[in-house]
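For reference, the structure discussed in these notes is given below.
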C-alpha cells in the first residue's frame, strides 16, 4: 500500500510538473513570387528559406497549436495592363 501511494504521488507530481514548460517555436518560411506578363509569360522565383524562433515561457504544448502552427499566405494582384502577380508564403513550424 505504501509503495502504491508513493508511486501515485510521484506520477501526480510528474504530471503536474510537466504541463507547463518553457518552449520554443521554430518556423521556416519560403515565399514563391510569380508574375504573368501581358503576353502570357510567367516568371517564378522562390526565396531561400528563412528561420525564426520564438520563446514561450511556462506554457502547455497544446496551447501552442494555434500560435506555432503551419500557415500559408497568398497575395494576388491584377494590374490594369493585364499583368498579374502572386506571392505565396508557406510557413512550417514545429515546437522544440
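Couple of notes before you dig in:
Yes/no matrix, rows are residues, columns are (1) at pLDDT below 95; (2) surrounded by fewer than 10 Cβ atoms within 10 Å (Cβ to Cβ); (3) part of a strand (DSSP E or B):
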residue: 6; (1), (2), (3): yes, no, no
residue: 13; (1), (2), (3): yes, no, no
residue: 22; (1), (2), (3): yes, yes, yes
residue: 33; (1), (2), (3): no, no, yes
residue: 40; (1), (2), (3): yes, yes, no
residue: 52; (1), (2), (3): no, no, yes
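- Of all the residues in segment 54-77, those that are assigned to a strand (DSSP E or B) and touching a residue at least 24 places away in the same chain (Cβ under 8 Å) number 6.
- Test for residue 56: is it more than 17 Å from residue 86 (Cβ to Cβ), exposed (fewer than 11 other Cβ atoms within 10 Å of the Cβ) and modelled with pLDDT under 95: no
- Subset of segment 78-96 that is without any contact (Cβ under 8 Å) to a residue 40 or more places away in the chain and outside any strand (DSSP E or B) - its residue that is farthest from residue 29 (Cα to Cα): 80
The values are calculated or read from the model by the stated rules, or taken from the named source; none is laboratory data. Small disclaimer: the values here were computed from a predicted structure and weren't measured. All Cβ positions, glycine included, derive from the backbone under ideal geometry; neighbour counts span all protein chains shown.
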